[in-house]
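Every number in this text was worked out from the coordinates using simple rules, so none of it is lab data. Predicted model only: the values in this text are computed from it and were never measured. With ideal geometry, Cβ positions are generated from the backbone for all residues, glycine too; neighbour counts draw on all protein chains shown.
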Amino acid sequence: MAKHILNALVENRAGILAKMASLFARRGFNIDSLAVGVTQNPEVSATTIVVDGDAQTVEQVEKQLSKLIDVIKVKTLAPETTVSRELSLIKVSCTAEKRAEIMQIVDIFRAKIIDICDHAVIIEMTGTGQKIDAFEEIMHTFGILEMSRTGMIAMTRSKAE
C-alpha cells in the first residue's frame, strides 16, 4: 500500500471534520495525517488528508467524500506535482555546554530556535516529513522533552505557461 494525499475544500462549518473522519473510519482507513485550515475565503477550509491504501480504494473514498453536503471539491494530489510541508515544535534538553552544537544543527536544517532557557530550547521547523524525521532522530541524542507536529499541508504546483 502507498501513501495518498487527498485535498478537500469544504464549507467552513461545524461538524464537517467529524463527517469526514467518520467516512474514513467506516472504510477501515487509518488517517496518517490530517490538517485543516481556513483558505483565503473565510467561508472555505482546506483539508489535507494523508492515508495508506491502494489506488482503487482511495478513489472510492474520494468519490464518497465528494458526496458529503459540505464538501466543495476533493482531489488526490500526485506527489510529483505537489508541494507539501509540515510544521514541528520540538523542546530539547539543552545545557550551556551543548547549546552551540544544537544551534549549529538547527542552522544546518534551516530551523529556528524560538525560545531558550537555561535547560532547554524550543525549535521550530518546517519541511517535508522526511526532513523533520531526520531532525528528530538527531535531537533524540540531546533529549526531546516535548514535541508537536501539525501534519502535512499540501497544494499542487503551478503549471509553467
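Per-structure values
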| item | result |
| --- | --- |
| For percent of Cα pairs over 24 Å apart, calculated from these coordinates, the label among (1) 31; (2) 46; (3) 43 | (2) |
| Two-site FRET efficiency, S93 against K3, from Cβ-Cβ distance with R₀ of 35 Å, rounded to 0.05 | 0.65 |
| Set of lysines near K63 by C-alpha distance (under 20 Å), chain-local residues within fewer than 8 positions excluded | K3, K19, K73, K75 |
| In nm, spacing of pseudo-spin labels at A78 and N30 (7 Å Cα→C-beta vector) | 2.9 nm |
| Cut-off 14 Å (backbone N to label point 7 Å along Cα→Cβ of A120), residues of segment 94-108 | 94-95 |
| Expected 222 nm ellipticity per residue - DSSP helices of 4 or more, -39500 (n - 2.57), all of the chain, to 500 | -8500 deg cm²/dmol |
| Segment 85-156 - convex hull of the alpha-carbon atoms, volume per residue in Å³ | 75 Å³ |
| Cα-based helix-to-principal-axis angle, 99-108 vs the chain, degrees rounded to 10 | 40 degrees |
| Likely footprinting exposure, E137, E80, E124, fewest C-beta neighbours within 10 Å first | E80, E137, E124 |
| Inter-label distance, nm, simple model (7 Å from Cα along the C-beta direction), K112/E137 | 2.7 nm |
| J(HN,Hα) series, segment 87-96, from Karplus relation 6.51 cos²θ - 1.76 cosθ + 1.60, nearest Hz, glycine and proline x | 10, 9, 10, 10, 9, 10, 4, 8, 7, 4 |
| Estimated inter-spin distance, T57 and E146, nm [label 7 Å along Cα→Cβ] | 3.6 nm |
| Max mean-square fluctuation residue, GNM over the chain, Cα-Cα springs under 10 Å, options G15, G151, G129 | G15 |
| Packing-based exposure ordering (other Cβ within 10 Å, fewest first) of E62, E86, E43 | E43, E62, E86 |
| Segment 3-29-segment 73-151 distance, computed between alpha-carbon centres (Å) | 27 Å |
| Per residue convex hull volume, Cα atoms of segment 2-77, in Å³ | 76 Å³ |
| Full-extension gain in nm, S22 to R157, via 0.36 nm per residue minus C-alpha separation | 45.6 nm |
